[in-house]
Structure formats: structure tokens, C-alpha cells
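A short worksheet on the structure shown next.
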Amino acid sequence: MESLTTTCVIAGGGPAGVMAGFLLARAGIEVVVLEKHADFLRDFRGDTVHPSTLELLWELGLLDKFLARPHQEVRTIGVDVGKQNFAVADLSHLPTHCKFAVLMPQWDFLDFLAGEAKAFPNFHLIMEAEVIELLARGNTIAGVVVRRPDGPLAITADLVIGADGRHSTVRAKARLPVVDFGAPFDVLWLRLPVESGDPQEPIGRFQGGQFFVMLYRGDYWQCALIIPKGGFDAMKAEGITGFRARLRSVAGFARDRVETIQSFDEISLLTVRVDRLKSWARRGLLCIGDAAHAMSPVGGVGINLAIQDAVATANLLGSVLRKRVPRLEDLRAVQRRREWPARLTQWFQIQAQKRVIAPTLSGRTTSGAPLVLRVLDAVPWLQRIPARFVGLGARPEHVRTKARPYMPRAPSPADSAAT
């Protein structure tokens, strides 16, 4: 087995992992980021770059370069109920340089961020590298074992960061206990073609007890149909004709395009989970993003929380990693900083699941728009509240670390203690 040694190894090349790798490398830390796929090009991932993330890019001097890439800008968020549109969130009042969210395929965002990170010689991105096991020295996590096409690789590190998502191998191998809050729905992702004259802003539709979301992708619509938990098998039993009829009833102007879906192979199931680790860390290891707190799709804020976790991790651990091996208390400081925003966001998501989504999917609601949509539409200043929730989150983070050249640090007594 090949082996290498680094200061920090990050499992997962999603928003949390790449952002943490970028910021730590910028702070002068040697970092290896592991991505199990051959590229970032995968459909049906969160594609919203929130105003808080755009603010971070401004702080890093990267905003203009980022916005030069193809994207759509969203300043208001609305929901269609039948033939009526209800305004839900107005981002124009946010205290940020960009008073809008950006819709960009996640692979473009990750490709941009990884490209900027590669300017630092101490940033290393290894593709097709899947973490399959943890290395331990006594009770301390000391690295990872990686599966690659050309053979396994052992990486020893002062710190392992698990940023490998809601199905995290790192947190499972570390045996970190999880509290599962459940979710009453799953999401089906699919594509519908774009035609001349289509709008380009995101579309949310509430029709006949169903939720449907459409995101413009230039030459296709990325669509999400919310279904009852575990309901996909029953839909398959209806056959593709029955599924297309269900989709036609909620697809609005795109109803005639559902015939382009020829089989269930063109539909991707996202099993929704809402859970949270009791402890995000053990000696030598820290989990962030969905690996620490899997978020519901409600509000589309999972990426926001993940990136904020990455920024807090770099702010709190950057100077530590330059001097010594982080102690357990250093790692727990990240959880203390970020757990309250995760808890609050999940609480709001769970309330929405219980009070709006579950009753609607079960047919227990009356026809028409939910009360919360009617109130938000009638009182425009209230739209600033969901805008703050979606655009900034409960505790927005800012870049506190300075850019520093990479300098290998001398061993210290803490390296051997690692307490």
C-alpha cells in the first residue's frame, strides 16, 4: 500500500470539503482533499450559491471572477398555487454586496473553487479517491485508507475532516452517535426540456396536494417532485404512464413535455434525512456539513450551512494547525460555534415538514394556498424573514484568516500527545 503524510486530509469534494481545503491551504496548511468520483459533473445536486457565500467570495477577492461564469441571479422567491403566484422572500434588503442568490450547476461552483485552491502549492485534490477506513493510533484518529483505481493509499494526518455528506463513511467508521429526526417526504429529480419563450427564474408549484420545483439550466429544466416518504415504489407500480399523468397535473407550462420521460431510469430518488451528530469530533477527527447535520431540502439551505461550517473550521483551526496537532477541545470549538445554527435551521425545517408538507402530501389540507404563503404575500416586509433564513442563515461566518505562505512546522510535544 502506498502512503503519504499531510497536515489535514478532508474526505469529500463537495462544497464543505473544497471550501475548507481552499481556506486552510490559503492559511498556509498542507491539505489533501479526497473526492470519490472522477469529476464534479453530477446531476441533481444543490445548485444555489447563497448571498452569504457570495459575500465570502467578495472577502476573498474572487467575486467578479466568479460572476463572470454563466449563472442566473435570483432576487425574489415565489410559489405558484394553482394560477396564483405568492411572493415568499425578498433578498433585496440583505446586508450583503450581492442582494441576490446565484443559480449555477454545483460542478461549475466546485470547479471554480478547486481551480482557485490549486494556486496554493500546499493544496492537493485527489479524484477517484474514496475513504474506506480510518487509521488509528490508540484512541486517536491518525489518517485514512483510500480506495483508488490504481490501488489503495494510506494517508496519515494531524487532522481528518469528514465532509462526505449525509451518508458519511467517516462518521460511520468513527462510530459517532447520530440523532435521527425523520422526514415525511422524499424527492424525485428529473429533467424536462427547455423551449423558446420559457422563463428563466426558479419556479415552485403547489397543486393538488403536490409540490413541484423547476430550476432553469439553459438547455433543460432540473425538476424536483416531492413525494411521501417511501412512495416511489408505489408510483413505479402505476407504470410510467401513470407517473407522467401525475407529473402533468403539477408541471404547469411544461405539462406537455412530460412525454419526454420514457422510463424510471431517467428519475433519481433523493432519500431525505434530517439528523445530527451528538458529537462532531473525536481525537484527530472532525465532521462538518451534512456529515455532521444532514439537512432537509426545505429552504435549500444545506449548502449554505456546509460552507459556513467550512469557514468556521478554517477560522478556528487554521492557526492551531500551523503550530501543533489540534486537541479535542480545539475540534469541539467548531461544534460549539456551528451547532446552534444547525439546530435552529433543522427546527424550522421540521416545523415546515410537520405543518405544511406532511398534511399536504397526506391530503389533510384544504384546497388553496397555505396560510403562511398568504400572509407573506400580503405583508411584503415579512418577506425579509425567509430571505434572511435562506440567504444568510442563523449565524453567517466571515473569513478571519489571512493568506499565508506554506511553511512546514517543526514537531512539537503536542504532536505525540495529541490530547
As an exercise: evaluate Thr48 against (1) under 20 Å from the mean Cα position of the chain (by Cα); (2) over 28 Å from Ala394 (Cα atoms) and give the number of the one condition it does not meet.
(2)
So which residues in the range 112-146 are farther than 30 Å from Ala68 by Cα and either of a type in the set (D, E, K, R) or within 19 Å of the chain's Cα centre (by Cα) (or both), if there are any at all?
Glu130, Glu133, Arg137
Just checking, which of Arg175, Arg166, Arg171 is over 20 Å from Ala310 (Cα atoms) and not aliphatic (A, V, I, L, M)?
Arg175
Check on Leu317, part of a helix (DSSP H, G or I) and surrounded by fewer than 18 Cβ atoms within 10 Å (Cβ to Cβ)
no
With the checklist (1) in contact (Cβ under 8 Å) with a residue 12 or more places away in the chain; (2) open to solvent by less than 10 Å² (accessible area, probe 1.4 Å) in hand, flag the one item Thr5 doesn't pass.
(2)
Whichever residue in the range 110-132 is touching a residue at least 60 places away in the same chain (Cβ under 8 Å), touching a helix residue (DSSP H, G or I) at 6+ places or on another chain (Cβ under 7 Å) and not in a strand (DSSP E or B) and, among such residues, is nearest to Leu54 (Cα to Cα):
Leu113
Sole residue being among the basic types (Lys, Arg) and open to solvent by less than 40 Å² (accessible area, probe 1.4 Å), chosen from Arg322, Arg338, Arg327, Arg332:
Arg338
Scan the range 1-37 for residues that are aromatic (Phe, Trp, Tyr) and in a loop (DSSP other than H, G, I, E, B) and report the count.
0
Could you tell me whether Pro193 is within 26 Å of Arg332 (Cα to Cα) and open to solvent by 40 Å² or more (accessible area, probe 1.4 Å)?
no
Mind listing whichever residues of the range 46-70 are part of a helix (DSSP H, G or I) and either out of contact with any helix residue (DSSP H, G or I) (no Cβ under 7 Å at 6 or more places or on another chain) or open to solvent by 20 Å² or more (accessible area, probe 1.4 Å) (or both)?
Glu55, Trp58, Glu59, Asp64, Lys65, Leu67
Subset tally (residues that are outside any strand (DSSP E or B) and either over 16 Å from Asp164 (Cβ atoms) or open to solvent by less than 10 Å² (accessible area, probe 1.4 Å) (or both)) for the range 274-304:
20
Only residues that are surrounded by 20 or more Cβ atoms within 10 Å (Cβ to Cβ) and under 16 Å from Val31 (Cα atoms): list them for the range 126-152, please.
Ala129, Val131, Ala142, Gly143, Val144, Val146
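Residue-by-condition table, conditions (1) out of contact with any helix residue (DSSP H, G or I) (no Cβ under 6 Å at 6 or more places or on another chain); (2) part of a strand (DSSP E or B); (3) on the phi > 0 side of the Ramachandran plot; (4) modelled with pLDDT of 90 or more:
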position	(1), (2), (3), (4)
Pro199	yes, no, no, no
Phe206	yes, yes, no, no
Phe211	yes, yes, no, no
Leu215	yes, yes, no, no
Gly218	yes, no, yes, no
Leu225	yes, yes, no, yes
Gly242	yes, no, no, yes
Ala245	yes, no, no, yes
Take the residues in the range 156-171 that are buried (at least 20 other Cβ atoms within 10 Å of the Cβ) and touching an Asp or Glu at 6+ places or on another chain (Cβ under 7 Å), then tell me which one is nearest to Gly143 (Cα to Cα).
Val170
For Asp233, are the conditions met, namely being open to solvent by 30 Å² or more (accessible area, probe 1.4 Å), touching a residue at least 24 places away in the same chain (Cβ under 8 Å) and not in a strand (DSSP E or B)?
no
Scan the range 135-163 for residues that are in a loop (DSSP other than H, G, I, E, B) and under 19 Å from Thr7 (Cβ atoms) and jot them down.
Ala163
Would you check if Val179 is assigned to a helix (DSSP H, G or I) and in contact (Cβ under 8 Å) with a residue 40 or more places away in the chain?
no
So which residues in the range 371-418 are modelled with pLDDT of 85 or more, small (Gly, Ala, Ser) and either in a loop (DSSP other than H, G, I, E, B) or in contact with a helix residue (DSSP H, G or I) (Cβ under 9 Å, 6 or more places away or on another chain) (or both)?
Ala387, Gly391, Gly393, Ala394, Ala403
Looking for whichever is within 19 Å of the chain's Cα centre (by Cα) and open to solvent by less than 20 Å² (accessible area, probe 1.4 Å) here; the options are Ala254, Ala224. Which one fits?
Ala224
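The values are calculated or read from the model by the stated rules, or taken from the named source; none is laboratory data. Just so you know, these numbers come straight off a predicted model, no measurement behind them. FYI the Cβ positions are ideal-geometry reconstructions off the backbone, even for glycines, and counts take in every protein chain you see. Heavy atoms of the whole protein, side chains included, go into the accessibility calculation; ligands, DNA and RNA do not. Shrake-Rupley method; radii C 1.70, N 1.55, O 1.52, S 1.80 Å.
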